[in-house]
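The structure appears below as structure tokens.
Taken together, the values in this text are just the output of simple stated rules run on the coordinates, not laboratory data. Note that the structure is predicted; figures quoted are calculated from it, not measured. Counting neighbours? That spans all protein chains shown, and the Cβs are built from the backbone with ideal geometry, glycine included.
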Amino acid sequence: MRPATSSAESIADFISQKRRPPALPCSNYGQGRWNWKCALSARSQQPAARSRQAAATGFTLMEVLVAITILAIVVTTILASFNSVFSTTEVLDENADLYAMAKNCMKRMVLDLESIHIAQRPIYKPPELDQPPDPYRIVATTEDIGGTGFAQIRFASRAHVGLENSPREGIAEIIYYVQSRDDGHLALKRADNLYPYPDFEENDSDPVLSKYVKSLAFKFYDPEGLEYDVWDSDSEEFGYATPKAIAIRLELANQSATQTFETRVLLPVWREKAE
């Protein structure tokens, strides 16, 4: 048997082991120094562990809401930009159509006036009370449509336009007038009839030269340069004469724009005042 001191030594060793701190992975108590390589390796593994933890947990509700809000703002901005581009393109197309329509209308009126036919003296004689008016007279009046005055002009021209491939030619009675349409817009129409000239009546079959008419006006100039708003070459007031030049002012307006077109036509022939 061992002496009693052995039991005392065993108790002392047990107490010393209890007091010793637990060994850390990167410590070496036996050698009395710190293992730096092991510590650095442990620190490098911490971010990867946190990343795995975040991937396992997913996005928070706040992160999802912020992402949806940003996406909604971006999509709304893009759609607004597209809508603005399409609206601008539509307005430009409407204005281009309005300009083309007015251009063709003015071109037609100029062609008709440049081909005007007038009876000269001594063939022309002022009409008596019981005689019919001059078939080649120039008459311009102002007609009221919805409280607004629109010019109307009648003259004779060699620029007859035959409808339905009509072979007839000759001096036509041309009348430009404005008519109210069922859609509420005003249209400029052109009546074209060969001799014998019928009494004028607005006809739905007359071709429309221009829609969206806002105003139509003519100015008439005598050889002295005096200006008139109306004219009647069969009237003593105008000396049974015809104007020397005619100015045209046409104004068209749609929902997006208003365009005004003006021109002046020097007539190739005119009749002087009676002496």
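Among the residues of the range 100-142, those that are assigned to a helix (DSSP H, G or I) and hydrophobic (A, V, I, L, M, F, W, C) comprise Ala100, Met101, Ala102, Cys105, Met106, Met109, Val110, Leu111, Leu113.
Of the residues making up the range 249-262, those that are touching a helix residue (DSSP H, G or I) at 6+ places or on another chain (Cβ under 6 Å) and among the β-branched types (Val, Ile, Thr) number 0.
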